[in-house]
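Nothing in this text is a laboratory measurement; each read-out follows from the coordinates by a stated rule. Please read all numbers here as calculations on a predicted model, not as lab measurements. Methodologically, a virtual Cβ is constructed for each residue, glycine included, from the backbone with ideal geometry; neighbour enumeration extends over all protein chains shown.
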Amino acid sequence: MAVAMETGQFAAHHVTKLLERLAFQIGSVRHAHDAEAVHDLRVAIRRFTQALVVFQPCFAPKEVKRIRRRLKDTMALAGQVRDCDIALKYLSELRSPEAAALREEFQSRRHEANGALLAALKRWVLRKTSSKWRDGLEAIRDADGFCHRQIDDTAHRELPRIARGFFKCGNRAADAKASAEELHQFRIAAKKFRYTLELFAPFYGPAANDWLERITGVQTLLGRINDCRTVRTMVSRMGENGRIEASLKKRQRRRTDEFRQLWAEQFSSSNGAKEWMQALRCPPRKPMAKATPGAKPGELRFAAAR
């Protein structure tokens, strides 16, 4: 059961924990250099960034802006490494001479991108950035009573607002005529919703686990779609690789169809968004059940808590 606490106190505690996690992941990348460590670093940056966004009224605006700008730069460097890792993973499944040549090129690019990332992380450590950020975020300020609000009340206000954007973007992305950019924007909205819900999960009981599972399922498919899109773009810039691009396009289309089916089954209905909004404002005693055969698309049912 979640303990009663003011928003400012909750924000200070969790932002510090997420900063410590970020520092840990930076150390992991500096020692491991592998794809999993880089991926985990990017997730740690996103979680920390989202906490800063949600609890922004609690901290000095200039400090938050400065931190977010630095995080954006680090995320871009890690993204270049991650893109190469994605390409190498896909190309490792192919046995053609073209794929072998591309793997060699992406290995070289990965080495160069990783060097730039490691240099930036070394500066991060040498400048004691984690300690400076922790000191800068210690001074809790109150904006319009936000920090003195009970944290469960903040959760029940903030999550519906973010969920509204999630559903709006999701319905647009699930349309058959949706563009790749609309799918990309929904991927971002899904991440923001998931990481915010993770912050506030203790105030929703067992229901939160079910919600997170559903959102993560959507996010996973969107990530695979984006991976195909990213590798297609990278490969197309490297010359004539028509067969590989065609294979990636086919895979991207298949993943997109899977996403639209999942969205229809789990989220899309005339009352689906409203029921989620209501549940996020006034947490149910029992979690929403997963979609079952015969259920209407997007129908939200309640099952006994396990």
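Remarks
- Rounded to the nearest 20 debye, the dipole size of the chain about its Cα centre is 340 debye, using +1 on the Cβ of Lys and Arg and -1 on the Cβ of Asp and Glu.
- Taking every lysine pair in region 1-149 that is 8 or more places apart or spans two chains, those with Cα atoms closer than 28 Å amount to 19.
- Over region 1-149, the Kirkwood radius and the radius of gyration, each from Cα atoms, give a ratio Rg/Rh of 1.10.
- Shown here for region 55-136: GluC sites (Glu not before Pro) in loop regions (DSSP other than H, G, I, E, B) with at most 10 other Cβ atoms within 10 Å, namely GLU93.
- Value in Å of the Kirkwood radius, where region 99-202 supplies the Cα pairs that are averaged: 18.2
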